Amino acid sequence: MIENTFGINIVPENDAARLDALKRYRITDTPSEESFDGIARLSAKIFDVPISLLSLVDAESVFFKANIGMGKATRANRGKSLCALAILDEKVTVFEDALKEPCLLANPNVTGDLGLRFYAGAPLVTHDGFLIGTLCIIDRKSRIFSDADRTILESLAKTAMDQIELRRSSLDTIDEVKQVNLQLSEAQKKLENAVSELAEFNMEMEATNDELNKVNNELSKSYDLTVLLNNNLKNSEQRLKSFISKAPVAFGILTGRKLIIEVANDMILKIWNKSSSVIGKPLAKALPELKGEPYFSILDDVFTSGITYIGDTAHVKMETEGTVNDCYFDFIYEPLKNEHGKSTAIIVIANEVTDRIKKGKKLEELNQQLKIALHAGQLGSYNLDLKSGIMSCSEICKANYGVAKHDAFNFEDLMNSILPEYREYVKKEVDNAVKSRLPYQAEYMIKWPDGSLHWMSASGLPSYNDAGDPAHMIGVTVDITKRKNYEVQKDDFLGIASHELKTPITSLKATIQLLTKLKGNPGHEMVPRLIDQASGSMKRLNALVDDLLNMHRISEGQLELKKEIFNVYKMLNNCCNDIRFMGKYNLNIEGDPNAFVFADENRIEQVVINFVNNAVKYAPNSRDIYLQVETLDNDLVKISVKDNGDGIDPAIQPFIFDRYYRANHQGKKYSGLGLGLYISSEIIKRHKGEIGVESEIGKGSRFWFTLPCKQLE
């Protein structure tokens with residue numbers, strides 16, 4: 001049985017026939033050859049990887065015919081080598097990040113000292129369709145492998161397979177020549193025997209001639225085969241030149257100390273903005289515009305020292321279809337040396353990394369947007385080292401805990417800031433998140449250094465090192481004190497709402513019960529009073545329901561406004577008639593009788609009625625109520641409702657337009673949901689106006705709002 005670390009079947013159905021096909025090439029367990037080493041070396045250079053292998057997959061092992069970057073290794077276990085996967089598919093097998101491939105998580109090449117992260121292998125396909133090995137490249141870091149890269153690797157693998165076919169043909173030819181030599185030797189022995197046995201020579205001459213004819217035929221076939229091999233070699237060379245010429249990477253060879261341009265493919269000519277006419281010229285004459293640039297001195301140093309030079313993100317302006325674009329390239333100057341170690345030429349390889357640079361810039365923009373979003377949402381970010389407890393916190397994160405931006409704030413400090421009754425809960429949530437590898441989420445109360453209490457919401461995601469041990473917790477915090485207070489207000493409001501709705505319903509129910517008993521006596525003296533009482537309960541119930549409906553519309557953004565131009569003075573004269581009919585209060589209208597506004601008249605009347613009803617409710621002894629209209633200089637109209645009641649405490653004035661404020665009111669008890677002023681405030685805000693109150697204890701209150709005189713743009 002073959003050892004298998006991949007967890008999937010790695011033996012193809014035709015493996016027996018495939019192994020027979022491999023044996024006929026007689027290449028396994030043979031010494032390295034420069035033709036194959038050269039292809040592997042070129043692959044490593046083109047793709048800028050540390051390791052390139054030309055491998056042949058045998059029954060239980062993988063033989064390395066060419067090895068660049070893997071030391072002196074000549075074989076690997078088939079059940080551990082990724083080449084065993086590459087022969088399962090005629091297409092290029094690619095693992096851009098081995099740590100994301102379930103079948104590689106137990107592979108010792110990934111988890112062991114090699115640290116394999118990237119693998120790409122193009123299969124070596126025989127002329128009759130068997131996959132006998134791969135040309136593969138390996139890196140210790142993950143990387144992107146494009147369709148163009150796959151095409152290049154497939155072309156190199158095809159060239160390598162051509163070399164294997166040529167090698168096999170040569171071996172077959174050698175065997176045939178040996179056989180011919182053996183036959184000649186036997187014929188020679190026969191001739192020697194013929195000399196000593198002259199009598200038999202004539203009898204055997206015809207047989208000998210036949211043998212010689214066969215030998216001549218074999219030699220003729222051998223010659224034809226040699227011619228065919230030479231033609232194949234020329235075709236392979238032409239294919240390699242064509243591949244280099246059309247390769248998506250820039251490739252060139254500069255020969256001698258004068259750097260004569262010997263080879264320049266289409267891409268490098270495009271970068272230089274030159275035609276193929278520069279081939280054969282010294283680089284300095286072909287590209288005079290580079291005079292004064294550092295490239296010539298760098299090339300001279302590479303030629304002199306024999307040391308490779310690697311350049312990073314060189315900027316080049318390239319013209320494509322009439323448009324000049326900014327492009328970026330990584331490039332290598334690799335010296336070619338003779339048998340004495342002297343530099344004879346320089347290979348120039350450049351790979352475009354424009355997309356990588358643009359993605360890097362895009363990532364920077366996204367990071368900046370993230371910072372802006374965190375700041376806008378008052379989200380504090382942190383990075384907790386789970387082993388040491390040291391935290392790296394943003395300024396907002398520290399501010400959420402009442403800590404100055406320059407002060408240290410680690411996990412121990414965080415736990416000490418949490419109220420004791422929440423500490424065990426928070427620690428348990430963090431431990432559960434780390435153990436289960438799930439996000440962490442907790443809400444808890446903290447105490448700032450100044451003694452104030454705040455609600456905090458924290459979330460995070462644990463991360464782990466290569467060994468699988470927990471390393472960090474990265475997350476965000478946000479102060480939710482306002483939200484928590486709002487939830488308390490909402491709960492209080494629901495209690496008050498249920499009570500306020502129950503009161504008129506109970507009263508209405510009792511009234512209807514009494515009227516039911518008196519339905520046989522409609523002239524009874526209590527009937528009119530009970531009808532008035534039922535009408536009052538219905539009116540009160542209708543007002544409560546209207547407040548709730550308006551609140552819902554505002555929350556859902558469905559409060560519709562039907563704006564038109566109308567006279568404010570006239571609207572004030574027509575509203576609040578129920579208050580006038582009571583005869584207890586005088587509604588005095590003052591100010592500009594010609595003031596017009598662009599607004600929803602019904603909604604504005606609703607605001608005025610709310611102000612007047614509040615004056616009646618909270619200032620019952622103020623018989624005179626003043627409705628005032630004032631035209632301001634900035635195309636605004638100011639409408640006020642003033643009473644002479646007890647006034648409003650300055651401490652609570654900033655909160656009276658808040659939602660549910662009535663639910664938190666301390667002091668006198670009044671009916672209602674506490675939504676009227678909040679709804680009024682929202683109506684005025686949707687008209688692009690302002691709303692406010694002016695009040696002094698013992699001197700009454702003035703509620704006011706402003707509206708535009710004309711339609712706003």
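The values are calculated or read from the model by the stated rules, or taken from the named source; none is laboratory data. Since the model is a prediction, treat every value here as computed from it, not as a measurement. So basically every Cβ, Gly included, is an ideal-geometry build from the backbone, and we count neighbours across all protein chains shown. Heavy atoms of the whole protein, side chains included, go into the accessibility calculation; ligands, DNA and RNA do not. Shrake-Rupley method; radii C 1.70, N 1.55, O 1.52, S 1.80 Å.
Here are the numbers:
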read-out: Among (1) crowded, with 18+ Cβ neighbours inside 10 Å; (2) at pLDDT below 90, the one test that Gly591 misses; value: (2)
read-out: Subset of region 504-558 that is within 21 Å of Ile604 (Cβ to Cβ) and assigned to a loop (DSSP other than H, G, I, E, B) - its residue that is modelled with the highest pLDDT; value: Gly557
read-out: Filter pass, Asn67 being assigned to a strand (DSSP E or B) and either of a type outside the set (D, E, K, R) or free of Cβ contacts under 8 Å to residues at least 12 places away in the same chain (or both); value: yes
read-out: Qualifying residue in region 416-425 (condition: touching a residue at least 40 places away in the same chain (Cβ under 8 Å) and either in contact with a Phe, Trp or Tyr (Cβ under 9 Å, 6 or more places away or on another chain) or buried (at least 17 other Cβ atoms within 10 Å of the Cβ) (or both)); value: no
read-out: Residues being open to solvent by 10 Å² or more (accessible area, probe 1.4 Å) and hydrophobic (A, V, I, L, M, F, W, C) - total across region 117-128; value: 1
read-out: Candidate set: region 265-282, residues that are closer than 23 Å to Val353 by Cβ and not charged (D, E, K, R); chosen: the one most open to solvent (accessible area, probe 1.4 Å); value: Asn273
read-out: Filter result for Ser498 (in a strand (DSSP E or B) and either modelled with pLDDT under 90 or surrounded by fewer than 17 Cβ atoms within 10 Å (Cβ to Cβ) (or both)); value: no
read-out: Filter result for the condition that a residue is part of a helix (DSSP H, G or I) and not basic (Lys, Arg), over Leu572, Leu561, Leu627; value: Leu572
read-out: Qualifying residue in region 443-452 (condition: part of a helix (DSSP H, G or I) and either in contact (Cβ under 8 Å) with a residue 40 or more places away in the chain or loosely packed, with under 11 Cβ neighbours inside 10 Å (or both)); value: no
read-out: Only one of Ser43, Ser52, Ser35 that is under 30 Å from Ile268 (Cα atoms), surrounded by fewer than 19 Cβ atoms within 10 Å (Cβ to Cβ) and among the hydroxyl-bearing types (Ser, Thr, Tyr); value: Ser35
read-out: Tally, over region 81-93, of residues that are buried (at least 19 other Cβ atoms within 10 Å of the Cβ) and touching a residue at least 60 places away in the same chain (Cβ under 8 Å); value: 4
read-out: Considering residues of region 105-160 that are assigned to a helix (DSSP H, G or I) and of a type in the set (Val, Ile, Thr) only, the residue farthest from the chain's Cα centre (by Cα); value: Thr159
read-out: Region 57-75: number of residues that are closer than 21 Å to Phe47 by Cβ and open to solvent by 10 Å² or more (accessible area, probe 1.4 Å); value: 7
read-out: In region 630-657, residue least open to solvent (accessible area, probe 1.4 Å) [restricted to those that are among the small types (Gly, Ala, Ser) and not in a strand (DSSP E or B)]; value: Gly645
read-out: Filtered residues of region 457-479 (kept if in contact (Cβ under 8 Å) with a residue 24 or more places away in the chain and either farther than 24 Å from Lys387 by Cβ or among the basic types (Lys, Arg) (or both)); value: Val478, Asp479
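Yes/no per residue for (1) closer than 21 Å to Gly79 by Cβ; (2) surrounded by 15 or more Cβ atoms within 10 Å (Cβ to Cβ); (3) touching a Leu at 6+ places or on another chain (Cβ under 6 Å):
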| site | (1), (2), (3) |
| --- | --- |
| Gly115 | yes, no, no |
| Phe130 | yes, yes, no |
| Thr151 | no, yes, no |
| Ser155 | no, yes, no |
| Asp162 | no, yes, no |
| Ile174 | no, no, no |
| Lys178 | no, no, no |
